[in-house]
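Bear in mind these aren't lab numbers, they're just calculated from the coordinates by the rules spelled out. These numbers come from a predicted model, not from an experiment. Cβ sites come from the backbone with ideal geometry, for glycine too, and all protein chains shown count toward neighbours.
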There are 2 protein chains.
Amino acid sequence: MNLNLGLFGFGCIGQGLWDVLHRTNGLRSSIARICVKDRKKSRPLSQDYFTYDKDDILNDPEINVVVELIDDADAAFDIVSKAMRQGKAVVTANKKMVATRFRELLDLQTSTGMPLLYEASTGGSIPIIRNLEEYYDNDLLSGVEGIVNGTTNYIFTQLMENPERGYAHALAEAQAKGFAESNPSLDVDGWDATYKTLIIAAHSMGSVLDPRQIVRRGISHITPFDIAAARSLGCTVKLLSRVLLHGNGFSASVLPALIPNSDSLANINNEMNAIRLHGAFSDDQLLVGKGAGAHPTASAVLSDISALRYSYRYEYKKLQQADAPVFNIGNPVRVFVRGPKELLNELPFSDVHVDHRTSSGSYRIGDLSLLDLSRSFAFNSETCFIATMVE
Amino acid sequence: MNLNLGLFGFGCIGQGLWDVLHRTNGLRSSIARICVKDRKKSRPLSQDYFTYDKDDILNDPEINVVVELIDDADAAFDIVSKAMRQGKAVVTANKKMVATRFRELLDLQTSTGMPLLYEASTGGSIPIIRNLEEYYDNDLLSGVEGIVNGTTNYIFTQLMENPERGYAHALAEAQAKGFAESNPSLDVDGWDATYKTLIIAAHSMGSVLDPRQIVRRGISHITPFDIAAARSLGCTVKLLSRVLLHGNGFSASVLPALIPNSDSLANINNEMNAIRLHGAFSDDQLLVGKGAGAHPTASAVLSDISALRYSYRYEYKKLQQADAPVFNIGNPVRVFVRGPKELLNELPFSDVHVDHRTSSGSYRIGDLSLLDLSRSFAFNSETCFIATMVE
C-alpha cells in the first residue's frame, strides 16, 4: 500500500517527521500536503506543500493517511473525525484529544472502519501502546507505572541536585531550555501525565476513564524541606503515573512520588521517560526512552505510519473483555504529606508510620485510600506537599 | 482462529506455559498433546496428555500449532521443519536452532507459507524481536547492545560484590541456585549470548551471520585483579552482546565489557536482561526484563501463540533491503587486556591509552579492531582477560 500523507501542523514534531521520512529507507510514503494556520510564518519548505484550508487535504481523494500534529484538541478532533469519515486512516500525537474523546474515537473507528493510531501520544519514543496491545494482551498485567512527563522529570532532576534553588528556579530553567511551555500548567499540574495515564489505563485495564476520575496533584507545592525529607528517607522525588490492579478493581493516579534510590525509576533523569509493567508471568519489565523532542516523537509517529502499510489497527482486546476490572480508589496506599498540623491531623490515616514534627516543618507518612486523600483539605490546599511512597 | 497446540518438551518452560495458559483469559487455545522423551519421569498432569511418538502430534490434523521447547537443536529442527511442512504454525524458544539454521528456517517459512515465531529465544521476557520487526523497522538503528545471558550476569553480580571469592565460587553459587547448568560452557563461554546476538543482527541489520563470525570470548578468565582494575576505572563488568553499525558495515560481538557505573546497563543485576537500542530518531531506548525463569520465558512463548491468532508472521523487512550493511570487524574499538607482558606487547594497538604495570599484574587499554583482537595470541590464551570498554 502506497501511503500518501496529509499533514496537519508543521511545528517541532511535524518538521521532525519531515526529516525522519526523508532519511529513512524502505517506507513507501510521502507527504503530499501540509495544512498550517499561520500565513506569515516562514517555512523551511517550498510554499507549494502548504495550504491554509483543511479541506484541501480532507477532500483530496489521493491522500489516504492524515497525520494530525496540532495543539488544539478540539480542532484536532474535528480534523480527525472528518478525515476518518472520508475514509482516511489517521495518526495523531494529540494526547489530550485521544484522552478526552476516547469513546467517541472508538465509535468512529467502528463506524468508519478506519484505523486511528496514537503511539506518539504516550511515553514519547517508548512503544508502550503497541506493546500493551500486542505483547501483553495475555499476560495478566497487575500494574503499569512510570514517568511519562519529561518536563516535570527535568524539574525534579534539577531540584534533587540543587534543592536550595527552589521550585521556581528549576521551572524557569526548564522553560529556558525549552522543556516547559511558557504556560506550564499542563505539565506541572499533571494534566499531560493524566491524559497519558488515561490512555494507558484503557489499553492495560480495558476501562475508559474520565480524566477527572484520575487522582491528580501537581508538583508546584514542593519546598526544599520536602526534598531534604525525601533524601533523608533515601528517596528521589518524581511525578509518577500509576495504574494498579487491586483484586477486581484498579486505581489510576498522577501524583508526586517518593521513590527509593535503589529503584530503577529513581535513576531516570532529565527529560527521559520510563514505564514499568508488572506482569503476572513476564514479571517486571522496564521500558526507557526519550520522552520528548522532535525526532523521538516523530519516530513514534513514523512507526504508526509504517504499521498502516499492513493495515494495522488497535484491537482494544481488553476493552472487550467482560470481566475487566472496575475503577476503585478505595484501597489504602502509603502517602507522605507535609503541611500545617491541623491539616495533617484531619487526614483519616488507617495507620501512621512516621509522624515527623520539627520547627522547620511537619510531615506524616501513613496509609489511607486515594479516595480519602483526594477529598481531604490537605489535598486541596496550597500549603501541603503530597507524595505517594513507592515501596 | 482456534489454536490447538501440540507441545514438544515438558521441562521448566513447558510447565510454565501450561500454568500461564490456564491462568490467562481471552486466548482461545488449548494444549491437545505433549510429546516427551522420558517414559519413567513422573508428570504433574494426566498421562492422557502425553505421547512418546512425535508423529502423534505431527500427523494430527486437528493440531494447528506446534510449540517446540526441547533442548536438542538438531532434534528441534527435525520437529519444526516437519511440522511446518505439515501446514502447522510453529513457536519455538530454541535459540541455538534458530541461530544455526536461520537460512533454512527462512526458506521453510517461504516454501511452506507457515509462520515461525521465536520471541522466547532472545532476551527472555523482553519483547525484542517483535519490537525490532514492528517498531524499529523504519528507524535507522545504529546499534543494539545488551545483557542477554542471565547466568553470566548473575555470576558478575556476585563477583562485583565479593571479588575475593573468585570466579569458581561465583559459578558454583550460580549452579546451586539453578542459574547455571552443570555443564556451564554454553553460558560462560558466550555461546548462548552468541546465538541471541545472531538473531538480533538478522532482525536489526538484515544480515544472517554464521555464529563463528561473531567475535566471542567467555568470562572464565576473570580474576580478582581484573575486578579491582574495573572498579578503579569506575566500571562494572558484564558480558555484553553488541551489534553496532559503522558506516556501511556492522560488527557483532559477545565479549566481557567494562561498563561505567553511571551507565544504566551497569545497574542491571542478577538474572536480569537488558537491551539498549540506538536509533537515529528514537534516540536510545532501554528494555529491561527477567532474562530467565519458567514464567517469563513462557510469557514470551504465550505472546507468540497469541499473535498467531491474527496470522502474525515476521516480515524480515531488513533482510530484503538491498542496501543492508555488510559484516565488518575492521573498525577500531577500545579494549582492556590483562595478561603477560609479552602478549600485551604483541597486540597491534593503534593507540594505547593506559599501560598499567605492577608486580600484581599488567593491563593495557587501547584501540584495535575486533579482527586484529580476535587473531591475537592474547585472545586465544587462557592467561588473558579481555573486555571491551563501553564509553
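The charge dipole of the stretch B:3-117, taken about the Cα centre with unit charges on the Cβ atoms of Lys, Arg (+1) and Asp, Glu (-1), comes to about 240 debye, rounded to the nearest 20. Highest GNM mean-square fluctuation among B:Leu370, B:Leu17, B:Leu140, for chain B modelled with Cα contacts below 10 Å: B:Leu140. Give me the dipole magnitude in Debye, nearest 20, for the protein assembly as shown about the Cα centre, with unit charges on the beta carbon: positive for Lys and Arg, negative for Asp and Glu. For the protein assembly as shown, the charge dipole is close to 140 debye. Here is the P(r) of the stretch A:103-194: all C-alpha pair distances, binned every 5 Å from 0, give 2, 11, 16, 16, 16, 12, 10, 8, 5, 2, 1, 0 in whole percents.
Relative to the longest principal axis of the Cα atoms of chain A, the long axis of helix A:150-161 makes an angle of roughly 40 degrees. What sits nearest the axis between copies B and A, counting only chain B Cβ atoms, is the residue and whole-Å distance B:Leu287, 3. Mean sequence separation of contacting Cα pairs (under 8 Å, at least six apart), scaled by the length of the stretch A:211-296, corresponds to a relative contact order of 22 percent.
Taking B:Ser81, B:Ser374, B:Ser311 in turn, the Gaussian network model of chain B (Cα-Cα springs below 10 Å) assigns the largest fluctuation to B:Ser311. For B:Arg212, the distances from its label point to the matching points in the remaining copies are 7.1 nm, ordered from shortest, with each point set 7 Å beyond Cα toward Cβ. First check a/c for the protein assembly as shown, with a ≥ b ≥ c the square roots of the eigenvalues of its C-alpha gyration tensor; if it is under 1.5, answer rounded, and if not, answer prolate when a/b is larger than b/c or oblate otherwise. Since a/c stays below 1.5, the shape of the protein assembly as shown is classed as rounded.
Order these peptides, B:204-212, B:350-358, by their mean beta-carbon neighbour count within 10 angstrom, highest first.
Values: B:204-212: 18.3, B:350-358: 11.4.
Highest-to-lowest ranking by the protection proxy: B:204-212, B:350-358.
Across identical copies of the chain, A:Leu371 has label-point separations of 7.0 nm, listed in ascending order, with the point defined 7 angstrom from Cα along Cα→Cβ. Each of B:Ser232 and B:Gln175 was given a label point 7 Å from its Cα along the Cα-to-Cβ line. The distance between the two points is 3.2 nm. Dipole orientation for the protein assembly as shown: of the candidates A:Val288, A:Val20, A:Asn270, A:Val20 has the Cα lying most toward the positive pole (charges on Cβ; Lys, Arg +1; Asp, Glu -1). Using a cutoff of 8 angstrom between alpha carbon atoms and counting only pairs six or more residues apart, the relative contact order for chain B works out to 18 percent.
Over the protein assembly as shown, what is the percentage of antiparallel beta bridges among all DSSP beta bridges, to the nearest 5? Each step should come with its number before you reach the end.
On the way: 101 of 149 bridges.
In the protein assembly as shown, approximately 70 percent of DSSP beta bridges are antiparallel ones.
What the pair-distance distribution of the stretch A:238-321 shows, using all Cα-Cα distances binned every 10 Å from zero, is 13, 33, 37, 17, 1 percent. Spatially, the stretch A:294-366 and the stretch B:103-125 are offset by 39 Å when compared through their Cα centroids.
For B:Leu140 and A:Glu62, what does the FRET efficiency come to when R0 = 41 Å and r is the distance between their Cβ atoms, rounded to the nearest 0.05? If you can, show how the numbers build up before the last one.
Numbers: r = 28 Å, r/R0 = 0.69.
Rounded to the nearest 0.05, the efficiency is 0.90.
Sparsely packed loop sites in the stretch A:264-344 (the chymotrypsin sites (Phe, Trp or Tyr not before Pro) outside DSSP H, G, I, E and B with at most 13 other Cβ atoms within 10 Å) comprise A:Tyr310. The stretch A:250-290 and the stretch A:129-145 have Cα centres spaced 14 Å apart. Sparsely packed loop sites in the stretch B:302-366 (the GluC sites (Glu not before Pro) outside DSSP H, G, I, E and B with at most 13 other Cβ atoms within 10 Å) comprise B:Glu315.
R0 = 25 Å: FRET efficiency of A:Arg85 with A:Ser30, Cβ-based, nearest 0.05?
Working: r = 24 Å, r/R0 = 0.95.
Between A:Arg85 and A:Ser30 the formula returns 0.60.
Can you tell which of B:Gly6, B:Val65, B:Ala99 lies farthest toward the positive end of the dipole of the stretch B:3-117, using +1 and -1 charges on the Cβ of basic and acidic side chains (Lys, Arg; Asp, Glu)? Value: B:Ala99. In chain A, the longest principal axis of the Cα atoms and the axis of helix A:73-85 are about 40 degrees apart. Annotation for B:Leu371 and A:Arg165: the two label points, set 7 Å from Cα along the Cα-Cβ direction, are 4.8 nm apart.
Among DSSP beta bridges whose residues both lie in chain B, state the antiparallel percentage, nearest 5. That works out to approximately 65 percent antiparallel. With 10 Å bins beginning at zero, the pair-distance distribution over Cα atoms of the stretch B:339-391 amounts to 23, 63, 14, 0 %. Averaged over the residues of B:306-313, the number of partner chain Cβ atoms lying within 10 Å of the residue Cβ comes to 2. The charge dipole of chain B, taken about the Cα centre with unit charges on the Cβ atoms of Lys, Arg (+1) and Asp, Glu (-1), comes to about 440 debye, rounded to the nearest 20.
Mind checking A:286-298 for the average number of partner chain beta-carbons within 10 Å of each residue's beta-carbon? Provide the component values of the computation, followed by the final result.
Numbers: counts 9, 8, 8, 8, 6, 0, 0, 3, 1, 6, 7, 2, 3.
Counting Cβ atoms of other protein chains within 10 Å of each residue's Cβ and averaging gives 5.
Taken along the Cα-to-beta-carbon direction at a fixed 7 Å, the label points for A:Asn380 and B:Tyr52 span 7.5 nm.
Could you tell me which chymotrypsin sites (Phe, Trp or Tyr not before Pro) in the stretch A:27-87 are loop residues by DSSP with no more than 11 other beta carbons within 10 angstrom of their beta carbon?
Values: sites: A:Tyr49, A:Phe50, A:Tyr52, A:Phe77; in loops: A:Tyr52.
Those satisfying the criteria are A:Tyr52.
The largest-to-smallest principal axis extents of the Cα set in the stretch A:195-281 are 39, 32, 27 Å. Highest GNM mean-square fluctuation among B:Leu21, B:Leu302, B:Leu240, for chain B modelled with Cα contacts below 10 Å: B:Leu21. With the helix formula -39500 (n - 2.57) applied to DSSP H stretches of n ≥ 4, chain B reaches a computed 222 nm mean residue ellipticity of -9500 deg cm²/dmol.
Kindly identify the stretch A:239-391 as rounded, prolate or oblate by the Cα gyration tensor criterion: order the square roots of the eigenvalues as a ≥ b ≥ c, call it rounded if a/c is under 1.5, otherwise compare a/b with b/c, prolate if a/b is larger, else oblate.
Cα axes put the stretch A:239-391 in the prolate bin.
Only one residue of B:Leu233, A:Ala307, A:Ala230 has its Cα farthest out toward the positive end of the dipole of the protein assembly as shown, where Lys and Arg carry +1 and Asp and Glu -1 on Cβ, and that residue is A:Ala307.
Evaluated at 4 °C with a viscosity of 1.567 mPa s, what Stokes-Einstein diffusion coefficient in µm²/s does the stretch A:3-117 have when Rh comes from the Kirkwood expression over alpha-carbon pairs? Don't jump to the answer; show the numbers that get you there.
Numbers: Rh = 14.4 Å.
It comes out at roughly 90 µm²/s.
Rounded to two decimals, what is Rg over Rh for the stretch B:18-82 when you use alpha-carbon atoms and the Kirkwood radius?
Working: Rg = 12.8 Å, Rh = 13.3 Å.
Looking at the stretch B:18-82, the ratio lands at 0.96.
With its label point defined 7 Å out from Cα along the Cα-to-Cβ axis, B:Leu140 lies at 4.6 nm from the matching points of the other copies, in increasing order. Here the scattering of chain B is modelled by Debye summation over its C-alpha atoms, one equal scatterer each and no solvent; at q = 0.09, 0.12, 0.14 Å⁻¹ the log10 of I(q)/I(0) is -0.55, -0.92, -1.19. Between helix B:294-308 and chain B there is an angle of about 60 degrees, using the helix long axis and the longest principal axis of the Cα atoms. Among A:6-13, B:381-388, sorting by the average number of other beta carbon atoms lying within 10 angstrom of each residue, highest first, gives A:6-13, B:381-388.
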